[in-house]
Amino acid sequence: MPADVLFPTDFRWGAATAAYQIEGAHAEGGRGPSIWDTFSHTPGRTANGDTGDVACDHYHLYPQDIGLMRDLGLDSYRFSISWPRIFPTGSGSPNQEGLDFYRRLISELRDAGIEPFVTLYHWDLPQALQDRGGWANRDTVGRFGEYAHTLATRLGEGVHNWITHNEPSVVTYLGHLLGTHAPGARSLRTAIQVSHHLLLSHAEGMDALRAEARPGDQVGITLVVAPVEPAGDSQADADAARLWDGLVNRWFLDPIFHGRYPEDMVEHYGENGPDIQPGDMERIATPVDFLGVNYYNRMVVRHDPASSPVQAALVQPTGRTYTAMGSEVYPEGLYQILTRVRDDYSPGAIYITENGAAYEDAVVDGNVPDQPRQQYIHEHLLQVHRAIEEGVPLRGYFVWSLLDNFEWTYGYGKRFGLIYVDYPTQQRIIKQSGRWYAEVTRENGVES
Ligand code: IFM
């Protein structure tokens with residue numbers, strides 16, 4: 001059936017990846033180690049001891065991967081730059097080989113008619129900066145500014161869409177409170193200070209990028225957001241849901257759009273709150289050109305006095321469908337969070353910079369029949385369209401992910417790609433969902 005739910009003619013269709021998850025070539029081209037090299041090489045940190053050493057070998061296979069993007073009909077591709085490829089020791093002179101890799105990638109994307117959306121920080125801090133305190137050290141904000149300035153001057157000619165950070169909440173909580181992501185810290189005080197420095201570096205990065213911007217260039221930030229609901233009717237569950245919402249959504253949205261941290265959370269954190277210097281909040285609230293929204297699932301929470309830091313725990317509602325990551329499939333949550341972000345924060349433009357699902361894929365007679373993923377994306381696109389119809393300024397949609405890749409602590413066991421990767425041979429197979437997405441991009445719409 002032809003598509004009957006059509007998107008605006010200038011709507012962008014893309015897919016997303018991140019450097020450490022796909023590039024491999026961890027010790028090539030002058031790249032220095034990142035905190036994820038250190039973390040993944042530490043026994044017990046990732047499933048099977050998997051690392052990003054080789055990943056999808058995209059560093060070498062990128063021309064082939066651009067060909068696959070063309071097969072999918074993508075007009076946009078979101079990827080991240082590996083900071084330690086550009087600054088192997090965190091500071092000093094940039095590494096020309098690293099810059100050359102991205103210049104080639106960007107130029108070949110443009111030749112293929114694919115617009116690059118470039119993320120500066122998708123979690124791979126140079127280890128050398130971690131050795132000096134990492135994001136807990138305010139000095140890292142300045143290093144990020146230098147990095148952004150280098151990218152703007154050396155790569156800016158071919159890049160018109162920049163994203164400073166990907167999901168600073170994950171860096172904050174998984175990286176510095178729970179310790180399940182690099183660098184593996186476990187301190188609320190540190191985590192909250194890190195969140196402030198991440199936001200400040202976003203402002204610093206925007207300034208650096210804008211200083212070199214060409215007319216029409218856009219700079220934004222990507223947050224992972226979710227509607228949060230109480231599991232039951234009790235006041236305790238309602239309070240837990242409000243604090244959880246403060247933790248994952250408002251702690252990042254409020255400073256960027258309103259120039260302040262949410263009062264209830266500041267009160268809740270008490271002496272664990274961030275050290276803020278005069279002028280910080282004004283800088284963090286420098287207007288963005290767009291907000292990147294990553295959406296995977298809603299969050300249902302109950303009061304749990306034993307859970308830190310907000311006495312709330314996630315529950316999995318019964319009778320629902322779940323992905324291989326244990327995420328509830330809840331497409332209407334995307335509509336809910338988009339309309340809420342529009343109402344509460346009024347961003348001028350929004351891109352869905354990630355949305356997708358992991359399933360247990362298998363190759364059957366040379367094909368990968370991943371109907372659940374196709375359905376997941378289809379249902380979410382219908383909600384995106386619903387939001388557009390109601391005036392949410394949505395400009396594009398990026399599937400997570402282009403390729404199966406290194407899913408952080410889950411290693412290679414979780415597959416999110418539109419394209420299957422057979423890791424031992426590095427063979428790529430476009431999945432059923434990828435072939436279907438090619439129809440979506442061609443028709444600029446989906447069936448109702
Ligand atoms: O793989 C990650 C990505 O790096 C950030 N957003 C969520 C994805 C799926 O878990």
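Things to note:
- In the set His149, His160, only one residue is surrounded by fewer than 24 Cβ atoms within 10 Å (Cβ to Cβ), at pLDDT 95 or above and within 13 Å of Ser91 (Cα to Cα); that residue is His149.
- Pick from segment 340-378, criterion assigned to a helix (DSSP H, G or I) and β-branched (Val, Ile, Thr), ranking: nearest to the ligand (Cβ to nearest atom): Ile377
- Members of segment 35-63 found to be open to solvent by 30 Å² or more (accessible area, probe 1.4 Å) and either of a type in the set (Lys, Arg) or under 25 Å from His160 (Cβ atoms) (or both), listed by number: Arg45, Pro63
- Residues satisfying the stated conditions in segment 163-191, i.e. away from the ligand (no atom under 16 Å from the Cβ), open to solvent by 10 Å² or more (accessible area, probe 1.4 Å) and on the phi > 0 side of the Ramachandran plot: Gly184
- Among (1) away from the ligand (no atom under 16 Å from the Cβ); (2) within 22 Å of Trp400 (Cβ to Cβ), the one test that Ala19 misses: (1)
- The single condition from (1) surrounded by fewer than 21 Cβ atoms within 10 Å (Cβ to Cβ); (2) in a helix (DSSP H, G or I) that Leu199 fails is (1).
- Subset of segment 412-429 [crowded, with 19+ Cβ neighbours inside 10 Å and of a type outside the set (Gly, Ala, Ser)]: Tyr412, Lys414, Arg415, Phe416, Leu418, Ile419, Tyr420, Val421, Arg428
- The set of residues in segment 297-339 being hydrophobic (A, V, I, L, M, F, W, C), part of a loop (DSSP other than H, G, I, E, B) and either open to solvent by 60 Å² or more (accessible area, probe 1.4 Å) or farther than 18 Å from Ala231 by Cα (or both) consists of Ala306, Ala324, Met325.
- Scope segment 97-120; condition without any contact (Cβ under 8 Å) to a residue 60 or more places away in the chain and over 22 Å from Asp57 (Cβ atoms); matching residues: Arg110, Gly113
- Selection within segment 395-405 - more than 8 Å from the ligand (Cβ to nearest atom), open to solvent by less than 10 Å² (accessible area, probe 1.4 Å) and not acidic (Asp, Glu): Gly396, Tyr397, Phe398, Val399, Leu402, Leu403
- Selection status of Trp244, open to solvent by 10 Å² or more (accessible area, probe 1.4 Å) and either at pLDDT below 95 or assigned to a helix (DSSP H, G or I) (or both): yes
- Some residue of segment 216-229 being free of Cβ contacts under 8 Å to residues at least 24 places away in the same chain and of a type outside the set (Gly, Ala, Ser): no
- Those residues of segment 39-78 which are hydroxyl-bearing (Ser, Thr, Tyr) and more than 21 Å from the chain's Cα centre (by Cα), in sequence order: Thr42
- Any hit, segment 343-362, residues being more than 23 Å from the chain's Cα centre (by Cα) and either at pLDDT 95 or above or surrounded by 15 or more Cβ atoms within 10 Å (Cβ to Cβ) (or both): yes
- Qualifying residue in segment 278-291 (condition: surrounded by fewer than 19 Cβ atoms within 10 Å (Cβ to Cβ), farther than 30 Å from Leu209 by Cα and at pLDDT 95 or above): no
- Matching residues in segment 124-146 - criterion: being part of a loop (DSSP other than H, G, I, E, B) and buried (at least 20 other Cβ atoms within 10 Å of the Cβ): Asp124, Leu125
- Whenever a residue of segment 58-72 is more than 11 Å from Ile419 (Cβ to Cβ), its partners that are surrounded by fewer than 19 Cβ atoms within 10 Å (Cβ to Cβ), lying with C-beta atoms within less than 6 angstrom and at least six residues away or across chains, give the pairs Tyr59/Ala25; Ile66/Glu108; Ile66/Ala112; Arg70/Ala112.
- Condition met for Ala324 (under 23 Å from Ala240 (Cβ atoms) and aliphatic (A, V, I, L, M)): no
- Single condition Tyr410 does not satisfy, out of (1) in a loop (DSSP other than H, G, I, E, B); (2) within 26 Å of Ala47 (Cα to Cα): (1)
- Against the numbered list (1) under 19 Å from Tyr121 (Cβ atoms); (2) not in a strand (DSSP E or B), Leu178 comes up short only at (1).
The values are calculated or read from the model by the stated rules, or taken from the named source; none is laboratory data. No experiment lies behind these values; they were computed from the predicted model shown. Heads up, the Cβs are rebuilt from the backbone with ideal geometry, glycines too, and the neighbour counts pull from every protein chain shown. Ligands, DNA and RNA are stripped out before the accessible areas are found, and what is left, the full protein with its side chains, is counted by its heavy atoms. Shrake-Rupley method; radii C 1.70, N 1.55, O 1.52, S 1.80 Å.
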